[in-house]
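Report on the structure given below.
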Amino acid sequence: MKIPIFTDEPGWQGSQLKAAYAKRGIEAVFVSLQDCVIDLSGKSSRIHIPNFSELPKAAFVRGVAGGTLPQVITRLNVLHMLSMQGVKIYNDAKAIERTVDKAMTSFLLRQSGIATPPTWVCESRAQAQSIRQAAAERHQRLVIKPLFGSQGQGVRELMHDEPLPVPMMQYVDGVYYLQALIKTTDIAHDYRVFVIGDRVVAAMRRIGVSLVSNVAAGGRCESVQPNEEMTNLALQAAKAVGVDYCGVDIIQSTSGEYFVLEVNSIPAWRGLQSVTECNIADLLVKDFLRKI
């Protein structure tokens with residue numbers, strides 16, 4: 001069997017997956033979605049994948065490169081069309097669309113009754129200012145995040161006395177995604193809980209040097225055994241957004257309550273792998289093959 005791993009930057013995670021497939025006699029080929037061709041010239045629709053003469057049984061998605069809106073839509077359409085032609089996409093385009101958009105993730109979590117911080121999303125600077133003013137009157141601190149973003153980039157506390165970012169400012173990009181700041185202990189931290197299939201396989205505590213505790217932003221990893229509440233929250237969050245696997249970011253407030261911050265459908269796991277004994281790539285490949 002030969003399967004594509006869709007990515008533009010294989011990196012450490014890609015090499016781990018490739019080795020896990022090779023152990024099972026399967027050739028994994030790195031393919032960029034931007035190199036695929038949607039061919040609608042004949043009687044039947046075809047998706048041309050480099051190095052594949054026919055459609056594979058399944059494909060593993062490790063990354064969807066950014067670009068213009070038409071480019072990103074086209075890359076996601078490739079995944080949608082492959083799914084419609086019977087190719088198992090792990091994770092599929094619907095799951096990626098739900099989780100890359102923080103507003104939709106927050107909405108789906110709320111719809112499923114999952115604890116997540118109070119959140120507001122708007123385009124108007126005047127409306128954003130009104131939301132901030134109302135929060136200040138409640139003595140509520142706010143965090144501003146890019147709607148589309150990863151690795152903690154652009155995430156920061158929005159101070160009451162600072163000018164509101166203009167709509168076209170970097171990491172705002174015309175949309176204000178505001179979330180109530182969940183107070184933790186004096187040390188900024190949260191938890192990354194890794195879900196594969198219907199079980200939690202590993203978790204870590206991420207201790208940050210600032211509000212952001214992502215490993216890519218300098219966060220330090222500590223292995224933790226998730227308790228029942230964290231485990232249930234992570235599994236419920238994964239189900240709410242419809243993913244095969246994901247990294248669920250959970251934070252605990254000073255009152256002891258847990259909240260789901262985000263769900264990542266294309267999670268990195270190098271930091272987590274450094275503090276856990278299980279082979280995460282091997283577990284991913286095992287679940288991938290079980291589903292085909």
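Taken over the stretch 28-41, the residue count meeting the criterion of being in contact with a helix residue (DSSP H, G or I) (Cβ under 7 Å, 6 or more places away or on another chain) and farther than 18 Å from His80 by Cβ is 2.
Scan the stretch 247-292 for residues that are among the β-branched types (Val, Ile, Thr) and under 23 Å from Val100 (Cα atoms) and jot them down. So that I can check it myself, show each step before the final result.
Initial filter on the stretch 247-292 (among the β-branched types (Val, Ile, Thr)): 248, 250-251, 254, 260, 263, 266, 275-276, 280, 285, 292.
Passing the criteria: Val248, Ile250, Ile251, Val260, Val263, Ile266, Ile280, Val285.
The residues of the stretch 80-95 that are closer than 23 Å to Leu108 by Cα and not β-branched (Val, Ile, Thr), listed by number, are His80, Ser83, Tyr90, Asn91, Asp92, Ala93, Lys94, Ala95.
Hey, can you tell me all the residues within the stretch 244-292 that are part of a loop (DSSP other than H, G, I, E, B), among the polar types (S, T, N, Q) and surrounded by fewer than 21 Cβ atoms within 10 Å (Cβ to Cβ)?
First pass over the stretch 244-292, keeping only residues part of a loop (DSSP other than H, G, I, E, B): 244, 253-257, 265-269, 274-279, 291-292.
After this cut, where a residue has to be among the polar types (S, T, N, Q) as well, the list is 253-255, 265, 274, 276, 279.
Those that are part of a loop (DSSP other than H, G, I, E, B), among the polar types (S, T, N, Q) and surrounded by fewer than 21 Cβ atoms within 10 Å (Cβ to Cβ): Ser253, Thr254, Ser255, Ser274, Thr276, Asn279.
Asn51 meets the stated requirement of being surrounded by fewer than 19 Cβ atoms within 10 Å (Cβ to Cβ), under 28 Å from Gln16 (Cβ atoms) and not hydrophobic (A, V, I, L, M, F, W, C).
Number of residues in the stretch 262-292 that are among the small types (Gly, Ala, Ser) and without any contact (Cβ under 8 Å) to a residue 60 or more places away in the chain: the value is 1.
Step by step: first the residues of the stretch 146-185, then only those that are in a loop (DSSP other than H, G, I, E, B), over 16 Å from the mean Cα position of the chain (by Cα) and under 20 Å from Phe259 (Cβ atoms), then the one that is modelled with the lowest pLDDT. Which residue is that?
Looking at the filtered set, the residue picked out is Thr185.
I'm checking my understanding of the structure. Among residues of the stretch 198-223 that are surrounded by fewer than 17 Cβ atoms within 10 Å (Cβ to Cβ) and part of a loop (DSSP other than H, G, I, E, B), which one is modelled with the highest pLDDT? Per the criteria, the residue is Asp198.
Screening Val78, Val29 for residues that are β-branched (Val, Ile, Thr), within 24 Å of the chain's Cα centre (by Cα) and surrounded by fewer than 19 Cβ atoms within 10 Å (Cβ to Cβ) leaves exactly one candidate, Val29.
The values are calculated or read from the model by the stated rules, or taken from the named source; none is laboratory data. Bear in mind that the values here come from a model prediction, so they are computed numbers and not experimental data. No Cβ is skipped: glycine too gets one built from the backbone with ideal geometry, and neighbour counts run over all protein chains shown.
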